[in-house]
Amino acid sequence: MLYKCSACGFVQMMVPEEDQLDGVAASESISQDVDRDTSPEDMKINEEIGFVGAMSRMSHVLRQDSARINRTVGKLLNESVEPSPKFIDIGSGYGFHSFNLKKEYPNLDVHLLEISGERIDSGIKEFKPNIDEFTFHHNILDDNFACEHFEKFDISFTFHVLEHVYDIKNFIKNMFAITKKGGTMILEVPNEDDELCLLSPNYREIIHFPAHVSCFTKDTLSRLVKESGIYDKVDMSFVPIQRYGFFNYIDWLRHNEKRKVLSDDYIPRENPSWIEKKWLETKEKNYTTDSIVMVLKKNDN
């Protein structure tokens, strides 16, 4: 069951203590990746990519998200004067995004922080990175880690992790602590203001599964930054992100049933129609996209 605060609008799900995130729960959640309900059309794309195991049903998602992350982080790196900027991927999972980022930016000093040893091992086995080029932290972003790595990283990055976190304010504080002065924090999360949540009850039910304990909007993210005590120490901006495509959206509206959705429509077409362009433009303008990125630039002083 979801609970919404009448004062601030923040949405959170209460779950039993035994289901709360720890190393065991994180490793067991791999079954969600293995059993991911991926459409036949998308599996054709995945078979061409050729990943195996837990990654075989989500290859198209990994590839497209990684390309976007490279563009986002790349803009910051191009502005950096550091010869070897330090980057940390908090909740790195299988490590695919960080491994890909290192290929494109070999001077980047890449750290991966992940609570699930099984996920780390699976990613190394599947993607075969040169592990000597990376620093792996089998840990969680807690006070001890923040103290040990105080103001160490130029870019602190977390991708669809915050929705799994219970003590969000402390997470944000610790992320701030490990980021250098003048550095950047990037947090991408699902967007509770995604209009499809209102238009398709079954879609809403599916995305609100127990592992997603917290739900965010642009406004509640802003409020959390304020209540974390870092609001006057950062420059804050937001980027609306639509991961799933127009035809996925239409199928949900038509059928309100996952098995009848023909595709995630995850890979953008080179020549979108006018209606696709208008649809995306409207969602981005109103921040009703399925995801949202918060960028926090840490002040120099």
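Filtered by the rule that a residue be among the aromatic types (F, W, Y) and either buried (at least 17 other Cβ atoms within 10 Å of the Cβ) or farther than 20 Å from F171 by Cβ (or both), region 110-150 gives F127, F134, F136, F145. Please determine whether any residue of region 235-251 is modelled with pLDDT of 95 or more, at positive phi, of a type outside the set (S, T, Y) and more than 19 Å from the chain's Cα centre (by Cα). No - not one qualifying residue is present in region 235-251.
Collect the residues in region 265-286 that are among the hydrophobic types (A, V, I, L, M, F, W, C), assigned to a loop (DSSP other than H, G, I, E, B) and out of contact with any helix residue (DSSP H, G or I) (no Cβ under 9 Å at 6 or more places or on another chain), keeping them in residue-number order. First the steps, then the outcome.
Of the residues in region 265-286, the ones among the hydrophobic types (A, V, I, L, M, F, W, C) are 267, 274-275, 279-280.
Remaining after also requiring assigned to a loop (DSSP other than H, G, I, E, B): 267.
Within region 265-286, no residue meets the criteria.
Checking each residue in region 199-219 for being of a type in the set (V, I, T) and within 17 Å of the chain's Cα centre (by Cα) picks out I207, V213, T217.
Every residue, every condition in (1) within 15 Å of E126 (Cα to Cα); (2) among the polar types (S, T, N, Q); (3) over 14 Å from the mean Cα position of the chain (by Cα), yes or no:
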| residue | (1), (2), (3) |
| --- | --- |
| P40 | no, no, yes |
| M43 | no, no, yes |
| G50 | yes, no, yes |
| V73 | no, no, no |
| L77 | no, no, yes |
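Evaluated against (1) free of Cβ contacts under 8 Å to residues at least 12 places away in the same chain; (2) under 21 Å from L187 (Cβ atoms), N100 falls short on exactly one condition, (1). Is region 254-267 home to any residue that is without any contact (Cβ under 8 Å) to a residue 60 or more places away in the chain, farther than 19 Å from I186 by Cβ and within 22 Å of the chain's Cα centre (by Cα)? Looking for residues that are without any contact (Cβ under 8 Å) to a residue 60 or more places away in the chain, farther than 19 Å from I186 by Cβ and within 22 Å of the chain's Cα centre (by Cα), one finds at least one in region 254-267, hence yes.
Looking across region 40-88, the residues that are among the β-branched types (V, I, T) and more than 15 Å from Y266 (Cβ to Cβ) come down to V52, T72, V73, V81, I88. Of the residues making up region 151-169, just one is surrounded by fewer than 16 Cβ atoms within 10 Å (Cβ to Cβ), at pLDDT below 95 and in contact with a helix residue (DSSP H, G or I) (Cβ under 8 Å, 6 or more places away or on another chain), namely K169. The single condition from (1) free of Cβ contacts under 8 Å to residues at least 60 places away in the same chain; (2) part of a strand (DSSP E or B) that N144 fails is (2).
Please find, within region 228-243, the residue that is surrounded by the fewest Cβ atoms within 10 Å (Cβ to Cβ) out of those that are of a type in the set (G, A, S) and over 27 Å from V61 (Cα atoms).
Within region 228-243, the first condition is being of a type in the set (G, A, S), and the residues that meet it are 228-229, 237.
This time we only want the ones that are over 27 Å from V61 (Cα atoms), so: 228-229.
Details: S228: 19, G229: 12.
Ranking the candidates gives G229 first.
Checking each residue in region 77-93 for being buried (at least 17 other Cβ atoms within 10 Å of the Cβ), over 16 Å from E151 (Cβ atoms) and of a type in the set (A, V, I, L, M) picks out only L77. Taking helices (runs of 4 or more DSSP H) as the structural unit, those lying wholly within region 1-82 and holding at least 2 residues that are modelled with pLDDT under 80, under 30 Å from D109 (Cα atoms) and among the hydrophobic types (A, V, I, L, M, F, W, C) correspond to 23-28.
The values are calculated or read from the model by the stated rules, or taken from the named source; none is laboratory data. Note that the coordinates shown come from a computational prediction; the quantities given were computed from them, not determined experimentally. Here the Cβ is made from the backbone with ideal geometry for all residues, glycine too, and neighbour counts use every protein chain on show.
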